[in-house]
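In what follows, a structure is listed as structure tokens, so that the remarks can point back to it.
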Amino acid sequence: MEDLRKIVEDCASGNSKAQETLYNMFAPKMYGVCLRYAKDREEAEDNLQDGFVKVFTNIKKFRNEGSLEGWVRRIMVNVSLEKFRKQNLLYPVEDIGKYDSQKFSDEIIEQISADELLKVIQQLTPRYKMVFNLYVFEGMNHKEISEKMGISMGTSKSNLARARDILKRKVVELYSDVKTNSNYSA
Amino acid sequence: MNKKEQIPDKIFREKLEGLTVPPPPDTFQKIQARLKIKKRKVAIIWYRSIAAAAIIVFALTAGWFFNNENKVIPPEINTISEIQETKPQKPENRVEERNEIVISETINNERLIAEASQNENSDILKTENTISIMDEYVITEKTPVRNESHLNLLKRINVFLKSIKPADVPDLVQPQNNYPSFHTYENELIALNSANTVNKIENKWKVGFSISPGYSSQNSSHSEVYSKNMTYSNKEGTSDINGGFSVEYKAAKRLSIESGIYYSQNGQQSGNSPLFFNDQFFASSEKESAVDYFNTPVEISDGKMLMNSTAGIIVFDGTPENAELSANFDRNGGYSNALLTESEFSQVFDFIEIPVLLKYNIIDKKIAVDLIGGLSANWVVGNNAYIGEGSDREYIGKTSDISALNYSGTFGFGVDYALSKKLSVSVEPRFNYFLNSINKSSAVNYKPYRMGIYTGINYNF
């Protein structure tokens, strides 16, 4: 804990070694976070860079109260949110009706790797992805999401529902691929 | 829908929550590079901000300065007695009355305009109170449109008051007098500020007269052939006095430009040449006395006597008094004639100098200190060669090949002591050196220099 405090202090005074230490501590985890919010690895790396630049330029403001990891993570999420607000892109709503009747269970998802699930999330439209991430991973409620994203609570709810439906469809597709592949390998 | 058929957020969370993926290996280097750029940008923004702030401050100061320059300070408008006369109302009454005027003005706006236009030629404005109010507006008169609107408003108020309550008009209008008038001490303050402002503006220009005792000498070099028949060059300098008039303009807070016209003199002396001090010409017993003689080779050409000297060839007008010309010496490579005289010899040049100097103020107090540097154009107005010194000095001729126009550089520093707002005395040690050889001949490189202490008196306006 004392070491971490020292690292923070050194980072604040611009010590590049301390910055590298801090980066090595959190970068893999934060890259994981960025990957969930980005459409691909390239965008995730951009966001990771932006995030760490903000971390190092604002680390003086970190008062060692609460988790440093949580603080860094919030910065990463905020970078993604900022980009979303700037782009504010409109994407066509995908047709999801046909997949409502598809059945699958926890077991299905468990057979799919984290990397595949990540790709499924990345394929979501920016808004669905943002709502889903904020709701599921950041634990925000619809009110908070609506404020962060500048949308109404109703939109947040419907976006979450649609995000889930799309994910459901994609997971089913993946599951069938998994089954096919297992048949080949058998 | 079955709960199990829903996408289970929990499983997504569990699988991806702690996801760690190593970022590309050069990501940290990229971050560091961006941090450095950011730092540089911050520094640039900081410098730019300072520069912008300085410009704004300068612009505001200049704006304030010039605005004040144009301000007309009228003679005292309200005397104490006038102010006292207009003070009998209780504060509460004044507030009520003002409110009443404002309300009335607002409610009856249209009516007032109509009435005012009907009474355009009325003599209401001639009332004493109104005139004093009008006078007040003269003080701050900058935007005639605004003043017109004020006067129109007053006009309308008066019209309205007269029309509805003629008897009360003086009482109601009178408190207005207290509102816009300046107190006497305020007027004094304005006048004082105005006077200060004027002084500051006046001090932009400075004219002065200075004289400078100094020491002048020269750096010279000569071609081998020339120097073989040359007088002995005495490196000792001469002391002299220069002087002139200067004009200085304060271009910025710390920077001034000075020019003017100065007279200066530069010269050099030649001692006795050791050229003939050998056994061939003098017996050993005569050597000692010969040292005191100026004895240098001269060339007789076309009836003129020419002598190679430090600053160039001297063309003699005639043979100097008390000098002997020794002819037909058998010498190798040199002139066969020699001039023998007991006196020393000097070449003197007079210049009119027009300098352009920059003065950078490093201390701006009652005793001000400036750094001085610049260039001068020097016109040769006098070119004389002499034998002898002081009152015994005899003019012998001119130095040939002297450039009419020469350039010199000056640096030094100045100390200026303010005797009053208008007068100051200055002491400026300056070093002036010629940038070109004043002799056009390729055989002679002669660059005078001078150190002088310019002591002067200046008038600021």
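Please treat every number below as a calculation from the coordinates, not as lab data. Treat the numbers as computed from the prediction; the structure is a model and nothing was measured. Neighbour counts are summed over all protein chains in view; Cβ atoms, including those assigned to glycine, are modelled from backbone coordinates with ideal geometry.
Worth a mention:
- Here r is the Cβ-Cβ distance between residue B:411 and residue B:20 and R0 is 60 Å; the resulting FRET efficiency, rounded to 0.05, is 0.30.
- Taking 0.36 nm per residue of separation and subtracting the Cα-Cα distance, full extension of the segment from residue B:453 to residue B:393 would add 18.9 nm.
- Modelled FRET efficiency - R0 41 Å, residue B:442 with residue B:321, Cβ distances, 0.05 increments: 0.75
- Take the Cα of residue B:227, step 7 Å toward its Cβ, do the same at residue B:365, and the gap between the two points is 5.1 nm.
- Region A:2-86: C-alpha pair distances exceeding 22 Å, %: 22
- Label zone at residue A:41 (point 7 Å along Cα-to-Cβ), backbone N below 18 Å, region B:12-30: B:19-30
- Sites listed here are trypsin sites (Lys or Arg not before Pro) in region A:123-180 whose DSSP assignment is loop and whose Cβ has at most 13 other Cβ atoms within 10 Å, and the list is empty.
- For peptide A:24-35, the mean count of partner chain Cβ atoms within 10 Å of a residue's Cβ comes to 4.
- Legend: distances between Cα atoms for A:29/A:119; A:39/B:15; A:129/A:170; A:83/B:36; B:206/B:359; pairs beyond 20 Å are A:83/B:36.
- Sites residue A:64 and residue A:176, calculated FRET efficiency, Cβ-Cβ separation with R0 41 Å, nearest 0.05: 0.25
- Protection proxy ranking, peptides B:415-421, B:441-447, A:62-68, average beta carbon neighbours within 10 Å, highest first: B:441-447, B:415-421, A:62-68
- In this rough spin-label picture, where each label sits 7 Å from Cα along the Cβ direction, the residue A:155-residue A:5 distance is 4.5 nm.
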